[in-house]
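The values are calculated or read from the model by the stated rules, or taken from the named source; none is laboratory data. Keep in mind that what you see is a predicted model, and the values were worked out from it rather than measured. Here the Cβ is made from the backbone with ideal geometry for all residues, glycine too, and neighbour counts use every protein chain on show. Only protein heavy atoms, including side chains, enter the accessible area calculation; ligands, DNA and RNA are left aside. Shrake-Rupley method; radii C 1.70, N 1.55, O 1.52, S 1.80 Å.
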Amino acid sequence: MLLWIVPLAILYLYFAGQVSKEISNKDQVAIEKLQLGNSCAELTGFEAEVVCVRAVQAAIKSLVPDPACPPRGSIIEPSEFLERQKGCCYDRARFTEKALMHYGFQTRHVALYDTQRYGLLGLLFPAVRSHATSEVNTARGWMGVDSNFPFLLLTRDGRPLTYRTYATYKNQIADTLLPADFYQKNLQVIYGPYSVMVSFMGPTFRLPNLKSMKSYLTFRISDC
């Protein structure tokens, strides 16, 4: 069975990574509702960048506090997220990334999977615990930005960390990583792919919902 799962996994990763990063007019309207002018107007250094990133996290949470996931096949874009008034980690990560890009940051999408029990094969199992989140490139390097909780991967002495490096410096991180038990796991970090259980709409691209693959390759965001 694994012989046919492998090419499907490659196909999955291809489609899951082909999500547009273009900021549409609707995105700009949604971003303006965050009212981040004062926090993100002058990014003159690392400290100012951190203030802006934290403001993005707080504003998204304030506008849409309901953490419930949308139905499968829902459009996961900022304007639809605001209209639904609910959303889980992939909604919030998408909005976070677009808001930060609007203010001149480079971002990348991150998928985290608990592979402690099954190793890399765990990526093929729908029940594997997972999380969608983001990283932002700051004046001091890439920094993890959680999508659900107000924490950054930032040490107490001001060093940004990525999701691939944070485990080495857990005791030095200023914020509390939540959920705590998840971040104690051996997490597999994959950059780029979005869940195929939802749809991303752009001017020229729609991520297909690969229903025939969902039994094995959902990359389901099950804990956010």
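Residues in the stretch 101-112: is at least one in a helix (DSSP H, G or I) and either at pLDDT 95 or above or of a type outside the set (Asp, Glu) (or both)? Within the stretch 101-112 (the criterion being in a helix (DSSP H, G or I) and either at pLDDT 95 or above or of a type outside the set (Asp, Glu) (or both)), the answer is yes, since at least one residue qualifies. Any residue that is out of contact with any helix residue (DSSP H, G or I) (no Cβ under 6 Å at 6 or more places or on another chain), outside any strand (DSSP E or B) and modelled with pLDDT under 90 - is there at least one of those in the stretch 154-176? No, there is no match, as no residue in the stretch 154-176 is out of contact with any helix residue (DSSP H, G or I) (no Cβ under 6 Å at 6 or more places or on another chain), outside any strand (DSSP E or B) and modelled with pLDDT under 90.
Within the stretch 53-73, none of the residues are over 26 Å from residue 138 (Cα atoms) and among the polar types (S, T, N, Q). Filtered by the rule that a residue be open to solvent by less than 80 Å² (accessible area, probe 1.4 Å), outside any helix (DSSP H, G or I) and touching a residue at least 12 places away in the same chain (Cβ under 8 Å), the stretch 32-68 gives 34, 36, 43, 45, 64, 66, 67, 68.
The condition (being under 12 Å from residue 96 (Cα atoms), open to solvent by 20 Å² or more (accessible area, probe 1.4 Å) and either at pLDDT 95 or above or not β-branched (Val, Ile, Thr) (or both)) is satisfied by just one residue among 148, 137: 148. When the residues of the stretch 158-176 are filtered to those that are more than 19 Å from residue 46 (Cα to Cα) and charged (D, E, K, R), the one that is most open to solvent (accessible area, probe 1.4 Å) is 164.
Within the stretch 153-166, residues that are within 12 Å of residue 177 (Cα to Cα) reach partners that are buried (at least 21 other Cβ atoms within 10 Å of the Cβ) and at pLDDT below 95 with beta carbons closer than 6 Å, at six or more positions or on different chains, in the pairs 163/110.
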